[in-house]
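Input: a single structure, listed below in C-alpha cells.
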Amino acid sequence: MIITGFSGDTADAPDFQRALRNLNDGVIGGVLFLPNNIASKEQLQQMLKAIHDCACTIPPLIAIDEEGGVVDRLGDHVGFIHIPSAVDVQRDGLPNAITQYKLLAQELADTGFNLNLAPVVDLNINPENPIIGLRDRSYSDDPETVTEFARTFIEAHRASGVLTSLKHFPGHGSSSSDSHSSLVDVGSTWSDKELLPYQHLINANLVDTIMISFAELETFGRHLLTRRNRHT
C-alpha cells in the first residue's frame with residue numbers, strides 16, 4: 001500500500017539500493033520516479049530493470065507523473081517523446097488526443113512503468129491559478145470536456161496495461177495558490193461541479209486511483225459539513 005520516492009539517479013545510488021531492499025522485504029509496494037531520479041534514458045532503464053528483477057512477492061507499482069506539457073518527466077530532453085499540455089491536446093481535438101495518449105501510454109509500458117499519476121481532472125476555473133491554470137494543466141473549465149479528454153487518457157493507458165490516477169481531489173482549479181508550497185483554502189471558490197469528472201469516470205469504471213490534496217481536503221470537509229448542517 002506504500003509507494004515511496006528515493007534520492008539518486010543511478011542503479012547503484014545508496015538510496016535507490018535501499019528502496020530495492022525495502023521492495024524485496026515487503027516494506028514498500030512501489031516506487032515513484034521524480035525529475036531528480038532521471039538523468040538519462042540509459043540510467044533510468046537500468047534502475048527500472050533492477051526493480052523488475054526484484055524478488056518481490058507482489059509485482060511492485062512503478063509510478064511517474066507524466067501528464068505532458070510542463071509535467072513531462074520523460075520528455076525529449078532525456079530521449080523520450082514529448083507530449084503536449086492538456087490545453088494544447090484539448091485544442092487539437094479528440095482524434096489527436098487519442099494518438100498522443102496512445103504514444104505516451106505505450107512508451108511508459110515499454111520503458112517499464114505501470115502507474116502514471118495522471119490525468120489532471122481539475123477544472124480551469126481560475127486561469128491565474130499558479131499550479132494549474134497558468135501551467136496549462138487543465139483541459140477546460142467545463143466538466144464534460146474534462147471528463148471526455150480524461151477518459152481518452154485513461155483508456156489509452158489501460159490498453160497498454162498502465163494504471164492511472166485522477167487528480168487533484170476535490171479540485172485545485174479554483175484556487176489562487178499552490179498547495180505544494182502553502183496551505184490552500186478553496187472555501188470561497190470551490191463548487192460542486194468540480195466533482196463531476198470524478199463521478200462520471202467512477203460511474204464508467206475508469207478509475208484506478210485518486211490523488212488527493214490534503215490542504216484542500218480540510219476545506220472540502222468543512223464545506224460538506226456546513227452544507228449537511230444547513231439541511232438538518
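The values are calculated or read from the model by the stated rules, or taken from the named source; none is laboratory data. Quantities reported herein were computed from a predicted structural model and do not represent experimental measurements. Please note: Cβ atoms are built from the backbone with ideal geometry, for glycine as well, and neighbour counts cover all protein chains shown.
If a residue must be farther than 14 Å from Ile154 by Cα and in contact with a Pro (Cβ under 8 Å, 6 or more places away or on another chain), how many such residues does segment 108-138 contain?
Matching residues across segment 108-138 total 3.
May I ask you to list the residues in segment 22-41 that are under 15 Å from Pro60 (Cα atoms) and over 21 Å from the mean Cα position of the chain (by Cα)? Let's see the steps before the verdict.
Here is the first cut: in segment 22-41, the ones under 15 Å from Pro60 (Cα atoms) are 22-33.
Those that are under 15 Å from Pro60 (Cα atoms) and over 21 Å from the mean Cα position of the chain (by Cα): Asn22, Leu23, Asn24, Asp25, Gly26, Val27.
So His77 ticks every box in (1) in a helix (DSSP H, G or I); (2) closer than 18 Å to Val207 by Cβ but one. Which box is left unticked?
Every listed condition holds for His77 apart from (2).
Looking at segment 148-190, which of its residues are at pLDDT 95 or above, part of a loop (DSSP other than H, G, I, E, B) and of a type in the set (Gly, Ala, Ser)?
Correct list: Ser160, Gly161.
Could we say that Leu115 is under 14 Å from the mean Cα position of the chain (by Cα) and either without any contact (Cβ under 8 Å) to a residue 40 or more places away in the chain or within 21 Å of Thr147 (Cα to Cα) (or both) here? Explain how you work it out, then say what you get.
On the way: under 14 Å from the mean Cα position of the chain (by Cα): yes; either without any contact (Cβ under 8 Å) to a residue 40 or more places away in the chain or within 21 Å of Thr147 (Cα to Cα) (or both): yes.
In short, yes.
Go through segment 100-143 residue by residue and tally those that are buried (at least 18 other Cβ atoms within 10 Å of the Cβ), in contact with a strand residue (DSSP E or B) (Cβ under 8 Å, 6 or more places away or on another chain) and among the small types (Gly, Ala, Ser).
Qualifying residue count, segment 100-143: 3.
Every residue in segment 106-133 that is aliphatic (A, V, I, L, M) and either within 20 Å of Ser191 (Cβ to Cβ) or part of a loop (DSSP other than H, G, I, E, B) (or both), please. First the steps, then the outcome.
Initially, segment 106-133 is screened for residues aliphatic (A, V, I, L, M), giving 108-109, 115, 117-118, 120-121, 123, 125, 131-132.
Listed by number, the residues that qualify are Leu117, Ala118, Val120, Val121, Leu123, Ile125, Ile131, Ile132.
Here's the yes/no breakdown for (1) at pLDDT below 95; (2) farther than 30 Å from Ser175 by Cα; (3) in contact with a helix residue (DSSP H, G or I) (Cβ under 9 Å, 6 or more places away or on another chain):
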position	(1), (2), (3)
Phe80	yes, yes, yes
Arg91	no, no, no
Leu94	no, no, yes
Gln100	no, no, yes
Ala109	no, yes, yes
Ala118	no, no, yes
Leu123	no, no, yes
Ile131	yes, no, no
Ser138	no, no, yes
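Here are some residues: Ala50, Ala19, Ala97. Which one is of a type outside the set (D, E, K, R), assigned to a helix (DSSP H, G or I), more than 20 Å from the chain's Cα centre (by Cα) and crowded, with 20+ Cβ neighbours inside 10 Å? Reasoning before the result, please.
Values: Ala50 fails: crowded, with 20+ Cβ neighbours inside 10 Å; Ala97 fails: more than 20 Å from the chain's Cα centre (by Cα).
Going through Ala50, Ala19, Ala97 in turn, the sole match is Ala19.
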